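First up is the structure itself, then whatever we jot down about it.
The values are calculated or read from the model by the stated rules, or taken from the named source; none is laboratory data. Everything quoted here is computed from the prediction, not taken from an experiment. Cβ placement follows ideal geometry from the backbone for every residue including glycine, while neighbour counts extend to all protein chains displayed.
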Amino acid sequence: MANAQAQFAALADPTRRAVFERLRGGAKSVGEVASGLPVTRPAVSQHLKVLKQASLVADRAVGTRRLYQIDPHGLGAVRAWLDQFWDSALEAFAREAERAEAERVKDEQR
């Protein structure tokens, strides 16, 4: 859970979420990530650093550039934390669907 807490904290910042979302399409350089964002390239670098420390982003050197991409393994802690709620959410959905169906049948019988 400690890693999931760090990941949620990292994603709590709206600019950092925007940086993270820009990596959805694949690996990008800092300049590519920063393009169109209302923050400087150094600020994007700092946001990427926080995301990397939270294991949400990985980087690799390609020539003289660093490319950043979403680390699918790092999302595991977030997913595991969210998955603990899945069964209860499905049960609640099933109860609501059954209630709505019973209400529909009752209305048709009137």
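Here are a few things to note about the model shown:
- Looking only at residues in segment 56-66 that are under 23 Å from Asn3 (Cβ atoms) and either among the acidic types (Asp, Glu) or out of contact with any helix residue (DSSP H, G or I) (no Cβ under 9 Å at 6 or more places or on another chain) (or both), the one that is surrounded by the most Cβ atoms within 10 Å (Cβ to Cβ) is Asp59.
- Test: Val30 is within 26 Å of Ala6 (Cα to Cα), of a type in the set (Val, Ile, Thr), modelled with pLDDT of 90 or more and touching a Ser or Thr at 6+ places or on another chain (Cβ under 8 Å): yes
- Odd one out for Tyr68, checked against (1) more than 30 Å from Gln46 (Cα to Cα); (2) touching a residue at least 40 places away in the same chain (Cβ under 8 Å): (1)
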